[in-house]
Structure formats: C-alpha cells, structure tokens
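Student: My questions will all concern the structure given below.
The values are calculated or read from the model by the stated rules, or taken from the named source; none is laboratory data. For clarity, every value in this text was computed on a predicted model and none was experimentally measured. FYI the Cβ positions are ideal-geometry reconstructions off the backbone, even for glycines, and counts take in every protein chain you see. Protein only, heavy atoms only, side chains kept; ligands, DNA and RNA dropped before computing areas. Shrake-Rupley method; radii C 1.70, N 1.55, O 1.52, S 1.80 Å.
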Number of protein chains: 2
Amino acid sequence: MEKIRGEAKGRSASGRRAERTLQRDPERTRASILAAATWEFAENGIGGARVDAIAERAGINKRMLYHYFGDKEQLYLAVLEDAYVGIRTAEKSLNLSDLEPEQGISELAMFTWGYFLEHPEFLSLLGTENLHRARWLRQSTRLKELHSSFIDKLADLLQRGKAEGLFRPDVDPLNVYLTIAALGYFYLSNQYTLSTIFGRDLMDKGNLDVWKRHIVHVTLASIRR
Amino acid sequence: MEKIRGEAKGRSASGRRAERTLQRDPERTRASILAAATWEFAENGIGGARVDAIAERAGINKRMLYHYFGDKEQLYLAVLEDAYVGIRTAEKSLNLSDLEPEQGISELAMFTWGYFLEHPEFLSLLGTENLHRARWLRQSTRLKELHSSFIDKLADLLQRGKAEGLFRPDVDPLNVYLTIAALGYFYLSNQYTLSTIFGRDLMDKGNLDVWKRHIVHVTLASIRR
DNA sequence: CAAGCCAGTAACTAATCGGTTACTTTGTGA
DNA sequence: TCACAAAGTAACCGATTAGTTACTGGCTTG
C-alpha cells in the first residue's frame, strides 16, 4: 500500500504548527506506549508482560518501544514512575490543613480509598514492585525524591487533634497512614481470592460503601482518646 | 559416571523396608519438587518462575517434574493448594471458643500476624494468585471445599461479646477478619516500597512489635461499644 | 525369578521472546 | 531546497523456555 505523497507535502507546506494531524508525533507515540505498557505490566506482572503485546496494544512498531525507552526494564521503570507521579499529583488536591482534625482524617481515608478504587493498575504495579523487593523503585532517583507529601501535613493535623484533646498523644502519623492504606489495599488487591473463599462479592456497590465507611470508622476509633 | 551395581542389589536384598536410603523415593522426590516450586513461584511469580530453576533447586531431573505434576500450571496449583492447607491446618490450633471475647480477638489477631510473618511465601503466592484474578484458586475443587474454618468460630465469639454488651451489635465477622488480615498483609507484603519511600525499616524488631500491638488495638477499638 | 511398571536421566525440539539490523519516510532549519 | 536527524517499518536473530523423546535402572508381585 502506497502513501499519497501530495497530501503529506501539502500539509507540511501550509505553515501551520503542530496541528495534531501529523503522521509522526513523538509525544503521542511515547504516551501510547506508556499507556499500553502500564496495562500490560499491571495485568501480567513484569515476568508475564510481553514486549510484543505492548507494541501491538500501543499500535506502534516494536522498534519504537526500544527507541523511546531503551529496554523492557527501563520501560517498566517509566511506568512505575508515572504511576507514582499520578497518586502524588492527586494527593495535592487534599487540603488537610484547612480541616478540623476528625474531618481531615476522614477526608484522607476517603481520598485514599477512592484513588485505590479508581486506579487498580496502581495497586497491581505496587504488588509487582514488592514481589521484586522494590528493585526498580530503589534505583529510581526520581521516585526517591518524590516522597509522599502528606505525611508532614498529617503530622500537623494529628498534632492539632492532640492539642485539642481529641487524639491519643502517642499516635504516630506513619502508622495512621499505613492503617488507612492497608485497609484499602488488601480489600481491593485481594478481592479475587477473598470473594472466592468467603463467597461474598466484595465489589458489590453496597459492600464497597460499607468498607469505605469501615475504614473511616476504624481509623478514627483507633486514634481517639 | 557408572552406578555401582553390587551395592544397590545388596541393599534391596537385605529385606529391610523403606530405609529412607533408597535410591528411588517417590514421596521425597515429590516433596522436594513442591518445596522448590513454592520457593520459585513465591520469588518470581508465575510468569517469572522457571521450570528449569525448580528442577535444579529440587535436585531432580526436569522430566520428573512433568512426571509428578503434569505441567507448570498444575505444579503451581499444587503449590497454592499446599500453601492454603498449611494455614488452614495451623488455624486449627486456635481455640477461640474457650476464650473471653476480647482475649479471643486478641489471640486471633496475633495468630494471623504471626503466621504471615513466618510465611512470607504464602503472602507472595496470594499476591500472584490475585494478580491473575484467582484463576487457579477458582478452578480448584479441593480449595473450594477448604474454606476458612474460623469465620464461624469468630461469629460465635463476637456473639458472646455482643451478649455481654462489650461489642457493638452491628459488628460483622468477615469484616473483623478482613481488618486483621489487611493490617498484617499490607505491612509485610508492601514492606519494600514502604520502607524505601518512608525511610523506616518496617522489619526492625521494635517496629514489628509495635505493629503487632497496633493490629490488636485497632481491631478491638473498632468493635467495642 | 520373570515380567512389567515405575522412577529416573540425557539430550533434544519447537516455539516464544527480548532485542537488533538494515532500511525508508518525514519534518525542519541553514 | 537540500542535507541531516529523528521517526518509523519489516524482517530477522540468538537465547531462553516449556515440554518431549527415547532410553536405562530399580522395585514389586504373581
């Protein structure tokens, strides 16, 4: 099948810049590889992911994948970094400093739950990364700088709560965050074995809502005086 | 390298039965394949596990692996079944019905935590199985029969607590168990990314102990009236 | 003790997979 | 406008990997 020469020439000669109708578009190509790779790695883990499958899903030639990302492992790292940037960016919309202590904890818990629920691929990538003992996370300078911003804000919030006599004085910010994350992560990432064994559909709308309220309740109950 | 004929004949002719010095020992071979496969699947996931690596680790010829287990997937299923049998067997040592309600919850939480801590391979296999949406667990008739025995016992325990006015009347047994499991599972299975990002060694003896007490505290705080 | 089955080995194979080579096409700036 | 770099393609390659073949050695039973 031949390309129509005249058409391409006519377009480029018109002087319009980056019309998004270009036959060649590095940014879009890169983005579609990243999206396809995120799906493939989340779905199959790093050992099960197939480079050819990523190329096909992205609608590009496999050569391009190596052109933009080097090799399979570097592509995986780019996917992981992108996923972390995603949650850290979303976190910024949370303004814990403006809220009453109990309200703040509740918002943090619901935000975390909501993010996990909407981003199953993030949970899956975390699972893969931990299977490999954070091998790629540890070698990523970019991710080591990108530490969670809200542990500090959470510490302030808890401090205010303690000063008001609402929270126990020995409450630790990281442990509070781990509690919230644990309850959300486990419920969602292990839903398949749990639903099978206990015969309850954990993704049922009603059950999801019960669990969301449960996380808030548990977290608050554990830190109150 | 030649086998020494006389030695082997002499041994078998002596009339002693199953001296455990047999050159051929089906049970031991099977067991060593299973142990090696458990390690390999837990370490690399199903996609990353290598049949040759399992054979080498088990000290057997690869042919034997197919002889005893059929193929890689059936071997994985055998590993998964074995792991579940392990925890269900251990659960039986718990006698919740003999304990006071609060004491019972505390024992259950500490037992679960202890088991997870001593069996990282079980957590890893759960992660792999969930990545694949419980594909093998669902097709295993053996595992579907092997449901967790202590949800019923836990229900009784909670019922007693409710009757004594200790626990809230709306407390759900499965949610209590999920809470306990979630707090243990997430802390341990995600320790690598968490330690890297938050700069705290979660496997430090002191931190492990704090978390154990934390699980008990959180669980009790969430169900008390 | 003969016969047959089961345990075990070494070497092989077909297919898969990550990565590359050799090449063409397209955009752009001197 | 043309030279050059970047974007893109198709076909290929060597290594790995799950699974097999063809065979030997050893245990049990009638």
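Student: In the protein assembly as shown, with Lys and Arg counted as +1 and Asp and Glu as -1 at Cβ, which of these residues, B:GLY70, A:LEU34, B:LEU174, has the Cα nearest the positive end of the dipole, that is, farthest along it?
Tutor: It is B:GLY70.
Student: Listed highest first by mean packing, meaning other Cβ atoms within 10 Å per residue, what order do A:184-192, A:42-50, B:119-127 come in?
Tutor: Numbers: A:184-192: 23.3, A:42-50: 19.3, B:119-127: 21.0.
Peptide ranking by packing, descending: A:184-192, B:119-127, A:42-50.
Student: Solvent-accessible area per residue for segment B:92-133 at a 1.4 Å probe radius, Å²? Each step should come with its number before you reach the end.
Tutor: Numbers: 1810 Å² over 42 residues.
Spelled out: the 1.4 Å probe surface of segment B:92-133, per residue, equals 43 Å².
Student: Can I ask one more? Using protein heavy atoms only (no ligands, DNA or RNA), what is the total accessible area buried between B and A, 1.4 Å probe, nearest 100 Å²?
Tutor: Counting both chains, the buried surface is close to 4400 Å².
Student: If a/c stays under 1.5 just call it rounded; otherwise compare a/b with b/c (prolate if a/b is bigger, oblate if not). Do that for the protein assembly as shown, with a ≥ b ≥ c from the square roots of the Cα gyration tensor eigenvalues. Walk me through the intermediate numbers first.
Tutor: Values: a/c = 2.21, a/b = 1.05, b/c = 2.10.
Oblate.
Student: Excluding ligands and nucleic acids, what accessible area in Å² is computed for A:ARG57 using a 1.4 Å probe, to the nearest 10?
Tutor: 130 Å²
Student: Using the Karplus curve 6.51 cos²θ - 1.76 cosθ + 1.60 with θ = phi - 60°, what ³J(HN,Hα) values do you get for each residue of segment B:215-225, in whole Hz, with x for Gly and Pro?
Tutor: 4, 4, 4, 4, 4, 5, 4, 7, 10, 5, 4
Student: Report the FRET efficiency, 1/(1 + (r/R0)^6), for B:SER93 and B:ARG142, where r is their Cβ-Cβ distance and R0 is 22 Å, rounded to 0.05.
Tutor: On the way: r = 22 Å, r/R0 = 0.98.
Working from the Cβ atoms, E equals 0.55.
Student: For segment A:22-70, with all protein chains present and a 1.4 Å probe, just round the carbon and sulfur fraction of the accessible area to a whole percent. Walk me through the intermediate numbers first.
Tutor: Details: 1360 of 2810 Å².
Using a 1.4 Å probe with all protein chains present, segment A:22-70 comes out at 48 percent carbon and sulfur.
Student: Further question: At 1.4 Å probe size, with the rest of the protein present, what percent of the exposed accessible area of segment B:77-225 is carbon and sulfur atoms? Show your work: numbers first, answer last.
Tutor: Values: 3160 of 6310 Å².
Carbon and sulfur together cover 50 percent of it.
Student: What pairs in A:LYS72/A:LYS144; A:LYS72/B:LYS144; A:LYS212/B:LYS144; A:LYS92/A:LYS162; A:LYS162/B:LYS205; B:LYS62/B:LYS205 have C-alpha atoms more than 30 Å from each other? Please report the intermediate quantities before stating the final value.
Tutor: On the way: A:LYS72/A:LYS144 21 Å; A:LYS72/B:LYS144 37 Å; A:LYS212/B:LYS144 28 Å; A:LYS92/A:LYS162 24 Å; A:LYS162/B:LYS205 28 Å; B:LYS62/B:LYS205 40 Å.
Distance filter (> 30 Å) returns A:LYS72/B:LYS144; B:LYS62/B:LYS205.
Student: Let me ask something additional. Please give the FRET efficiency for A:ASP209 paired with A:ASP82, using the beta carbon to beta carbon distance and R0 = 45 Å, rounded to the nearest 0.05. Before the final figure, lay out each step's value.
Tutor: Details: r = 30 Å, r/R0 = 0.67.
After rounding to 0.05, the efficiency reads 0.90.
Student: Amide H neighbours of B:PHE167 under 5 Å, counting only residues 5+ apart in sequence or on other chains, H built in-plane at 1.01 Å?
Tutor: Answer set, sorted by chain and number: B:LYS162, B:ARG225.
Student: While we're on this one: Restricting to DSSP H runs of at least four residues, report the calculated mean residue ellipticity at 222 nm for chain B, -39500 (n - 2.57) per run over all residues, nearest 500 deg cm²/dmol. Walk me through the numbers on the way to the answer.
Tutor: On the way: 13 runs with 166 residues, N = 225.
Mean residue ellipticity, 222 nm, calculated: -23500 deg cm²/dmol.
Student: Step through the residues of segment A:28-36 one at a time and calculate ³J(HN,Hα) from phi using the Karplus curve (6.51 cos²θ - 1.76 cosθ + 1.60, θ = phi - 60°), rounding each to whole Hz and writing x for Gly and Pro.
Tutor: Couplings: 5, 4, 4, 5, 6, 5, 4, 5, 5 Hz.
Student: Follow-up question, since we're still on this one. Quick check: Cα centre of segment B:79-124 to Cα centre of segment A:69-147, how many Å?
Tutor: Cα centroid to Cα centroid, the span is 31 Å.
Student: Would you mind telling me which residue in A:LEU154, A:LEU178, A:LEU137 has the biggest mean-square fluctuation in a Gaussian network model of chain A, where springs connect alpha carbons within a distance under 10 angstrom?
Tutor: Highest fluctuation among the options: A:LEU178.
Student: Express the relative contact order of segment A:20-84 as a whole percentage, based on alpha carbon pairs under 8 Å and six or more residues apart in sequence. Provide the component values of the computation, followed by the final result.
Tutor: Numbers: 44 pairs, mean separation 21.7, N = 65.
With pairs under 8 Å counted, the relative contact order is 33 percent.
Student: A follow-up question, please. If you plug each phi of segment A:118-131 into the Karplus form 6.51 cos²θ - 1.76 cosθ + 1.60 with θ = phi - 60°, what whole-Hz ³J(HN,Hα) values come out, in order, with x for Gly and Pro?
Tutor: Once rounded to whole Hz, the list reads 7, 10, x, 5, 5, 4, 5, 5, 4, x, 4, 5, 6, 4.
Student: Another question, then. Charges at C-beta only: +1 for Lys and Arg, -1 for Asp and Glu. How large is the resulting dipole of the protein assembly as shown about its Cα centre, in Debye rounded to 20? Mind dumping the intermediate values first?
Tutor: Numbers: 64 positive and 60 negative charges, 278 e Å.
In total the dipole reaches around 1340 debye.
Student: In segment A:156-183, what residues drop by 10 Å² or more of accessible area when the other protein chains are put back, versus the chain on its own? Use 1.4 Å, and skip ligands and nucleic acids.
Tutor: The answer is A:ARG168, A:ASP172, A:LEU174, A:ASN175, A:TYR177, A:LEU178, A:THR179, A:ALA181, A:ALA182, A:LEU183.
Student: With contacts defined as alpha carbon pairs under 8 Å and 6 or more residues apart, what's the relative contact order of chain B in percent? Numbers along the way, then the final one.
Tutor: Numbers: 167 pairs, mean separation 43.9, N = 225.
Answer for chain B is 19 percent.
Student: A drop of at least 50 square angstrom in accessible area, chain alone versus all protein chains together, probe 1.4 Å. Which residues of segment A:109-137 meet that?
Tutor: A:ASN130, A:LEU131, A:ARG133
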